[in-house]
Amino acid sequence: MVKKEPLHPHQRDLEDTPFTHYQIMTTAITELLFQKNIFSPDDLRAQLEAIDRKGPADGARLIARAWVDPDFKERMKTSVNSAATELGLDPGNIPILAVENTPELHNVIVCTLCSCYPRMLIGLPPDWYKSRSYRARVVREPRTVLKEFGTEISDKVEIRVHDSTADLRYMVIPMKPDCTESMDESALAKLVTRDTMIGVTLAKVPD
Amino acid sequence: MKPHLRRPHDLGGLDDGPIDRNEHLHEPWEKQVDAILRLLNDKTRNILSIDELRRGIEELGPGIYEKLSYYERWIASITNLLIEKNILEIDEIGRKMAEIERRWNEDRYPPKES
C-alpha cells in the first residue's frame, strides 16, 4: 500500500505560505457566486459565524437532559431532530438517530465513504474522523481502534459500529457515570465530550 | 472469485496504520468552503445536495482523491457540480482564478518602481 500523506497539514503562518491552486479556486468560486447573486457577502459571513457557533456543547446538553429525563430520552431515540428542537437547538434537516450505550452494548459511529457526522449538534468533525485509518479500520477492528483512544471495552460487551450516510447520521448516548446522582443537568453536560458522542470514549467520571 | 475492485473512497474494512489523533485548526479558506456548501445546500437555494457533493468527490478518481486534502476535494467537487448545473462556466472560472492569482501576487510582491 502506498504511504499516504497527512490529509491536513497543521496550520501554517499564511503569510509565509504560497497560495495553493485550491485556495485560489475557493476565492474565485466565492466571487463568481457573489456576482451572480447566488449569495451575498453578508450571507457568507453569517454562515461562517454559524459554523463557529456550533460545537459539542449542544449535543452534550441533549445527552444531559436524556440522562435526567427518561421520557425525553425515549423521544430522543425516536427523533434526535425533534428532541433538539424542544431544547431550542437547530439540528439541521438531515435525520439523526441516537444509539444508546448499555452494560451489554457499546456504540461507535463512522462514515466509511466520506465524513457524514452530526455536525449541527457537535460541530465540525475532527481530522481523525475523516482519516483513512479510522474509516478503514473501525468497522473491522473496533476494539483495537477504541484502545488507541484509551477506551477498553470488555469482551463481554458487544460493539456495534454505525456507518453514517448523507441521509442518516448517528450520535451516541453514553452511559451515565456512577456517583452522579446529585449532579444537575449543566454539571452532567460537562461530562459529555465530542468523542463520547462519537463513541470512541466513555463519559467522563466526575472528580 | 476475485475480490471486487474498490473505488478510492470506499475504505471500510481495509487495513491501515494507527490513527493520527493530531487535530489542526481549520484555516479560513477551509471554513469558507464549508460555508459555500451550506449556502448552496440550504432550503432556499437548494442548488447542491450532500449526495451530489459526495458523488462529485468520488468522481475525482484514483490518484487525485488520495492527493487532495479534505476541503480541496470539496471545492473541486463543488466547482465541477456548478459547471455541470450550468451555474458557472469553465472559462469564467479560469479567467477569475488567473485574475485572483495576479491580484494576490501584486499584493505580496508590488511591482518595483523604476
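Computed from the coordinates by the stated procedures, all read-outs in this text should not be read as laboratory data. Since the model is a prediction, treat every value here as computed from it, not as a measurement. Every residue, glycine as well, gets a Cβ built from its backbone with ideal geometry; the counts of neighbours run over all protein chains shown.
Which trypsin sites (Lys or Arg not before Pro) in segment B:1-73 sit in a loop by DSSP (not H, G, I, E or B) and have at most 15 other Cβ atoms within 10 Å of their own Cβ?
Answer in residue order: B:Arg6, B:Arg21, B:Lys43, B:Arg45.
Hey, which of these cross-link pairs are over 26 Å Cα-Cα: A:Lys156/A:Lys204; A:Lys54/A:Lys176; A:Lys36/B:Lys31; A:Lys156/B:Lys2; A:Lys73/A:Lys204?
Over 26 Å apart, Cα to Cα: A:Lys156/B:Lys2.
Rounded to the nearest 20 debye, what is the charge dipole size of the protein assembly as shown about its Cα centre when +1 sits on each Lys and Arg Cβ and -1 on each Asp and Glu Cβ?
Value, rounded to 20: 640 debye.
Other chains near B:33-41: what is the mean number of their Cβ atoms within 10 Å of each residue's Cβ?
6
Counting only other chains, and only Cβ atoms inside 10 Å, what mean value do you get across the residues of A:51-61?
1
What residues have an amide H closer than 5 Å to that of A:His106, excluding those fewer than 5 places away on the same chain, when H is modeled at 1.01 Å from N in the peptide plane?
Answer set, sorted by chain and number: A:Glu158, A:Ile159, A:Arg160.
Would you look at the GNM of chain B, springs on alpha carbons closer than 10 Å, and say which of B:Leu25, B:Leu11, B:Leu37 moves the most?
Looking only at B:Leu25, B:Leu11, B:Leu37, the largest GNM fluctuation is found for B:Leu25.
Using a 10 angstrom cutoff on alpha carbons, build the Gaussian network for chain A and name the most mobile of A:Met197, A:Met120, A:Met175.
Largest GNM mean-square fluctuation: A:Met175.
Taking 30 Å as R0, compute the FRET efficiency from the Cβ-Cβ separation of A:Ala50 and A:Lys190 and round it to 0.05.
0.80
Quick one: work out the % antiparallel among DSSP beta bridges in the protein assembly as shown, nearest 5.
Approximately 10 percent, going by the DSSP bridge assignments.
If you average the alpha carbon positions of segment A:43-88 and of segment A:157-186, how far apart do those two centres end up, in angstrom?
13
Over chain A, with a Gaussian network built from C-alpha contacts below 10 Å, which listed residue (A:Pro18, A:Pro70, A:Pro95) shows the highest mean-square fluctuation?
A:Pro18
Return a whole-number percent for the relative contact order of chain A, with Cα pairs under 8 Å and 6 or more residues apart as the contact set.
24
Based on the Kirkwood radius over alpha-carbon pairs, what value in µm²/s does the Stokes-Einstein equation return for the translational diffusion coefficient of segment A:56-207 at 20 °C and 1.002 mPa s?
139
I need the calculated FRET efficiency for the pair B:Lys67 and B:Ile90, taking r as the beta carbon distance and R₀ as 35 Å, to the nearest 0.05.
That pair, B:Lys67 with B:Ile90, gives E of 0.95.
Relative to the compact-globule scaling 2.2 N^0.38 Å, provide the ratio for the alpha-carbon radius of gyration of the protein assembly as shown.
After normalising by residue count via 2.2 N^0.38 Å, the value is 1.09.
With each pseudo-label sitting 7 Å past Cα toward Cβ, what's the A:Arg143-B:Asp42 distance in nm, one decimal?
So the label points at A:Arg143 and B:Asp42 sit 4.8 nm apart.
Which value at 222 nm does chain B reach when only helices count, each DSSP H run of 4 or more adding -39,500 (n - 2.57), with the total divided by all residues and rounded to the nearest 500 deg cm²/dmol?
Taking each H run of at least 4 residues, the total per residue is -16500 deg cm²/dmol.
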